[in-house]
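K.L.:
Right, I'll just put the structure down here and ask away after.
Computed from the coordinates by the stated procedures, all read-outs in this text should not be read as laboratory data. Model, not experiment: these values are computed from the prediction.
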Amino acid sequence: MNKILTVVGLASGIMLIGGVALATTYNTEQFDSGDNRGYTADGDWAVGSYKAQCNYNDPMSGISSTAIGIRSDLRGHSALCASGAYVVGSGSTGAYGTETIHSLSGVDDRGDTGTGDWDVGYTKAECAQSEAVSGVAQSGDSSLNMTTILCTWIESEIASNDSSCTTLVFSSYSDSRLNTASGDWAVGYSKNECGSSQILKGVSSNPSTGEIHAILCCDAEPFPH
């Protein structure tokens with residue numbers, strides 16, 4: 001597993017799953033001043049928190065945070081959603097077949113520990129191997145402490161590869177992106193973004209300050225049949 005702090009770019013907006021090329025489009029949901037949710041039928045999964053949530057069938061692929069010109073500490077700003085990234089063939093039940101919630105308040109809350117301790121010393125919330133992050137929340141006040149991630153079951157032909165994951169640590173001074181095809185989706189903010197063939201699987205926070213600290217990106221691979 002690699003931990004990186006600098007900008008890394010991939011120029012493609014096409015995701016290959018099982019040899020099938022899928023065009024991916026992107027949209028953002030801001031969560032530093034209220035709720036912005038593309039899907040709301042699942043109810044309020046983080047009461048009292050500001051929430052960003054992707055549209056039905058769309059997983060999250062990146063999160064932005066405050067840059068040094070905005071405030072000195074790292075607080076979440078918006079989430080990047082990847083439309084069409086995991087729809088394989090027909091008959092899909094969509095990303096929102098099942099959902100689980102994992103907390104960033106207190107001790108680690110991880111649905112999958114096979115990725116190891118991917119951010120030592122920080123509080124980690126992580127989806128199960130068959131899930132991807134589709135929502136993220138922080139406290140509904142000026143402190144903007146990280147509180148919760150929402151994980152959803154992803155297309156039955158796709159799973160996360162625990163042996164090939166990367167931790168992207170947030171910086172107040174620069175982006176940390178494994179894909180740049182989405183463009184500058186949070187102008188003036190620091191952006192962490194998974195690669196075009198990865199899923200966003202976990203988020204970590206600073207247990208002392210509540211600041212967002214890193215995201216976990218894992219390669220996607222087919223489930224064994």
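K.L.:
Given 0.36 nm per residue, what is the gain on full extension from Ile70 to Ala41 after removing their alpha carbon distance, in nm?
P.N.:
Numbers: separation 29, 0.36 × 29 = 10.44 nm, distance 3.37 nm.
Length difference between fully extended and current span is 7.1 nm.
K.L.:
Return P(r) of the stretch 97-156 (all Cα-Cα pairs; 10 Å bins starting at 0; whole %; ordered from short to long distances).
P.N.:
Percent of Cα pairs in each bin: 23, 49, 24, 3.
K.L.:
Amide H of Ser164 versus every other amide H placed in the peptide plane: which residues, excluding those fewer than 5 positions away on the same chain, fall under 5 Å?
P.N.:
Answer set, sorted by chain and number: Asp219.
K.L.:
Return the sequence-ordered ³J(HN,Hα) values of the stretch 58-68 in whole Hz as given by the Karplus equation 6.51 cos²θ - 1.76 cosθ + 1.60 applied to θ = phi - 60°, using x for Gly and Pro.
P.N.:
Once rounded to whole Hz, the list reads 10, x, 8, 10, x, 9, 10, 9, 5, 8, 4.
K.L.:
What shape does the stretch 146-216 have by the C-alpha gyration tensor, where a ≥ b ≥ c are the square roots of the eigenvalues, rounded means a/c under 1.5, and otherwise prolate means a/b greater than b/c and oblate the rest? Let's see the in-between values first.
P.N.:
Working: a/c = 1.93, a/b = 1.24, b/c = 1.56.
Cα axes put the stretch 146-216 in the oblate bin.
K.L.:
Let me make sure I get this right: for the stretch 101-225, a, b and c are the square roots of the gyration tensor eigenvalues over alpha carbons, sorted descending. Under 1.5 in a/c it's rounded, otherwise prolate if a/b > b/c, else oblate. Which is it? Don't skip to the end; give the middle numbers.
P.N.:
On the way: a/c = 1.77, a/b = 1.25, b/c = 1.42.
Verdict is oblate for the stretch 101-225.
K.L.:
May I ask you to compute the full-extension gain from Ser105 to Asp141, defined as 0.36 nm times their residue separation minus their alpha-carbon distance, rounded to one decimal in nm?
P.N.:
Numbers: separation 36, 0.36 × 36 = 12.96 nm, distance 1.51 nm.
Contour length minus Cα-Cα distance gives 11.5 nm.
K.L.:
Counting alpha carbon pairs within less than 8 Å and at least 6 residues apart, what relative contact order, in whole percent, applies to the stretch 106-225? Don't jump to the answer; show the numbers that get you there.
P.N.:
Details: 249 pairs, mean separation 35.1, N = 120.
Relative contact order of the stretch 106-225: 29 percent.
K.L.:
Just need the relative contact order of the stretch 160-225 here, percent rounded to a whole number, with Cα pairs under 8 Å and 6+ apart. Numbers along the way, then the final one.
P.N.:
Numbers: 111 pairs, mean separation 26.8, N = 66.
Relative contact order here is 41 percent.
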